[in-house]
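One structure is given here, and the rest of the page talks about it.
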């Protein structure tokens, strides 16, 4: 499967995003090409994917949102997830959602390998006939 992947990596939490990125890259098929674009936070992921829809076959969104004292967590998580889903449906291109939402940093550190799950999901959709 020779495809072009774009990984959009929100690196607000650099340690977490690094783990997500490493686990995602590991599973991209060897004969495929990929590019990584780093963005400051998960809210910037959908627009970055949108700007690149015609250039790539598939996308992997990576990032982490950790719940704080305000409802900001809920707004950002919901808006990002809904935007990614709409982009995927409208473009008919797979977008792996590797944005983890956690209550604290301890949970985030345990889930750093979730980038691989997003990559597996994208590859599965690309393999459909």
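Laid out as a table, the results:
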item	result
Residue in segment 63-78 that is closer than 25 Å to residue 128 by Cβ and either touching a strand residue (DSSP E or B) at 6+ places or on another chain (Cβ under 7 Å) or surrounded by fewer than 17 Cβ atoms within 10 Å (Cβ to Cβ) (or both) present	no
Those residues of segment 70-83 which are over 10 Å from residue 43 (Cα atoms) and touching a residue at least 24 places away in the same chain (Cβ under 8 Å), in sequence order	73
Any hit, segment 6-26, residues being more than 20 Å from residue 81 (Cα to Cα), touching a strand residue (DSSP E or B) at 6+ places or on another chain (Cβ under 6 Å) and outside any strand (DSSP E or B)	no
Test: residue in segment 40-59 that is part of a strand (DSSP E or B) and closer than 18 Å to residue 116 by Cα	yes
Meets criteria (closer than 20 Å to residue 128 by Cα and in contact with a helix residue (DSSP H, G or I) (Cβ under 8 Å, 6 or more places away or on another chain)) for residue 37	no
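Read the figures in this text as sums done on the coordinates, not as results from a lab. Note that the coordinates shown come from a computational prediction; the quantities given were computed from them, not determined experimentally. Neighbour counts are summed over all protein chains in view; Cβ atoms, including those assigned to glycine, are modelled from backbone coordinates with ideal geometry.
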